[in-house]
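Inspection log for the structure reproduced underneath, given as structure tokens.
The values are calculated or read from the model by the stated rules, or taken from the named source; none is laboratory data. Source: prediction; values computed, not measured. Every residue, glycine among them, receives a Cβ derived from its backbone with ideal geometry; neighbour counts consider all protein chains shown. Please note that ligands, DNA and RNA were not included when accessible areas were found on the heavy atoms of the full protein model with its side chains. Shrake-Rupley method; radii C 1.70, N 1.55, O 1.52, S 1.80 Å.
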Amino acid sequence: MKQVQTQEQKLVQQQRLTQQQMLQIRLLEMPLAELEQNVRTELDDNPALEVLSPDNPDYEAMDAQSDDLSSVDDSILEDEADMVAREDREAALDDMLNNMGSDDEMPEPVMNRFMGGADYEEITYGDPTSFYDKLKEQMGEESITDHQRDILEYLIGSLDNDGLLRKSLDTISDELAIYHNMDASEEEIEQVLHILQRFDPPGIGARSLQECLLIQIERRPPSEIRNLLHRVISECFDQFMNRHWDKIAQQLKVDEDMVSHLQTEILRLNPKPGASMGETEGRNVQQITPDFIVETNDDGSVSFYINKGRVPDLYVSPTFNDMVKEYQSNKTGMNRQMKEALVYAKEKVDRAKNYIEAVKQRRHTLYITMKTIIDLQMKFFQEGDESDLQPMVLKDVAERTGLDISTVSRVCNVKYAQTRWGTFRLRHFFSEGVKNESGESLSNRKLKIVMQEIIDHEDKRHPLNDDALSKEMKKHGMPIARRTVSKYREQLGIPSARMRKQ
């Protein structure tokens, strides 16, 4: 038995990311609250990175100074005494890049997404004060008895995620008596409920959509528009739900311009007041910190800005800059200790500059991505109607921005936009679509809305099965197959026709 050495030639294509690219990927995927924490950690770890206040009179000078050291003369490190140490550092760096040590390794959820792995559990960052705690804070400002306070606290806990109360008062009265040994009549509970309905946001604690909208209308200052809005919701609610605006105009005796104005004002009302407080569902019950603030003006123009949060302006420490410059001016008189100090200062300055550049690159990428999303979904941001969301996939945004699809995907993961109509995940604005007979693209979200309306108005004694729903959708100009109807129905949480029969 003997050992034989063989030599073979292979052609292998490999792609490796630089440390700077890895840093940019990590920062790009971070939501605002996580970025704030990361910046604080980097400030603690790197003494060459400092916070720059705009109030500082040397703001512009220090900012320009940090750009002067784009290249440090490395010749002072090239002498014989330091060559071995330098080669050792370069070898160690290559080895670190090859093996991706724990300091540079991406967190597991990020790595899973980067490598195309399994779905990850989304962790929400933000204000830990929950939706219910916000209401309890307002409860503390009310002058009420202890008995009323106990009832009010139970009502708050009985609200759905959208902020509405869907339990009947007699059910709540029974639950208080059975589970809390508390005697409370329906009249007492209703009085306390009216107190809750005075809380912010307007519409909280309503028992129906109609009551929710009326509460918001009554919060408006007295005007002719407010009176007409009140009449639309209170007297013409069925016509309103069926969008029979011609009948509403006839009953209220108003012209088409006024009807159009009423429609615009009603769209500004929030049917889910709990959602406007940033409440999240699932295991995380806390508020979300939006990464984008989108503002829709009364004239229909839309603008936005990136939420900077508590991320400060960063710059390279003048002390470290001066240290590098001082050593550069005394090249001949440098001993080994001074050269080691220069290596340390240079490494920290380079790391600080790379971090600042990565933060700037993150901001630029977020800006152009969000701008493109708004351009593509302009009508939704103007009107707030989900049926106006156009079919849009990551590829559409990537083609307009010139970014890679994976980059757009990282921007849209775990990022939120606060709009006039509520706070939404960026993924909410993306949806696939189908084409109708005229060739118009329809988003699957619009298809679901129409399907929901058809089911809401069906004969409950003879509900429509999936095949009949497919035919009804086709009548509405939305030809989709029975299997697609079944899939959308399950996604909406709607039971089958047999289970819907009353």
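Between residue 37 and residue 465, take the C-beta separation as r, use R0 = 51 Å, and let me know the FRET efficiency to the nearest 0.05. Before the final figure, lay out the partial values.
Details: r = 52 Å, r/R0 = 1.02.
It comes out at approximately 0.45.
Rounded to a whole number, what % of the accessible area of segment 373-431 do carbon and sulfur atoms account for, probe 1.4 Å? Before the final figure, lay out each step's value.
Working: 960 of 2330 Å².
C and S fraction of accessible area: 41 percent.
From largest accessible area down, sort 365, 319; use a 1.4 Å probe on the protein chains. Write out the running numbers ahead of the final one.
Working: 365 10, 319 90 Å².
Sorted by accessible area, descending: 319, 365.
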(request) Which order do the peptides 189-195, 267-273 take when ranked by the mean count of other beta-carbon atoms within 10 Å per residue, highest first? (result) 267-273, 189-195
(request) Can you tell me the equivalent ellipsoid semi-axes for segment 365-502? Use √(5λ) from the Cα gyration tensor, largest first, whole Å. (result) 32, 15, 13
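May I ask you to compute the full-extension gain from residue 344 to residue 208, defined as 0.36 nm times their residue separation minus their alpha-carbon distance, rounded to one decimal in nm?
Working: separation 136, 0.36 × 136 = 48.96 nm, distance 6.57 nm.
Using 0.36 nm per residue and subtracting the Cα-Cα distance, I get 42.4 nm.
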(message) Taking 0.36 nm per residue of sequence separation and subtracting the Cα-Cα distance, how much length would be gained by fully extending the chain between residue 149 and residue 364, in nm to one decimal?
(response) 72.5 nm
(request) Straight distance only, please: which lysines reach the Cα of residue 371 with their own Cα at less than 16 Å, same-chain residues fewer than 8 apart left out? (result) 379, 395, 415
(request) Using Cα positions and a limit of under 22 Å, work out the lysines in reach of residue 339, with same-chain residues fewer than 8 apart set aside. (result) 325, 331, 348, 353
(request) Sum up the charges of everything whose Cβ sits under 11 Å from the Cβ of residue 382, counting Lys and Arg as +1 and Asp and Glu as -1, but leave residue 382 out. (result) -3
(message) Using only the alpha-carbon atoms of segment 182-267 as identical scatterers, what base-10 log of I(q)/I(0) does the Debye formula give at q = 0.11, 0.13, 0.17, 0.25 Å⁻¹?
(response) -0.37, -0.49, -0.73, -1.23
(request) Sticking with the crude label model, points 7 Å out along Cα→Cβ, report the distance from residue 10 to residue 452 in nm, one decimal please. (result) 5.4
(message) I'd like the accessible area for residue 164: 1.4 Å probe, protein heavy atoms, all chains in place, Å² to the nearest 10.
(response) 10
(message) Taking θ = phi - 60°, what integer Hz values does the Karplus form 6.51 cos²θ - 1.76 cosθ + 1.60 yield along segment 480-490, in sequence order, with x for Gly and Pro?
(response) 9, 6, 4, 5, 5, 4, 4, 5, 5, 4, 5
(request) Using every Cα-Cα pair within segment 460-502, state what percent have a distance larger than 15 Å. (result) 40
(request) Measure off 7 Å from each Cα along the Cα-to-Cβ vector at residue 385 and residue 187, then give the distance between these two points in nanometres to one decimal. (result) 4.5
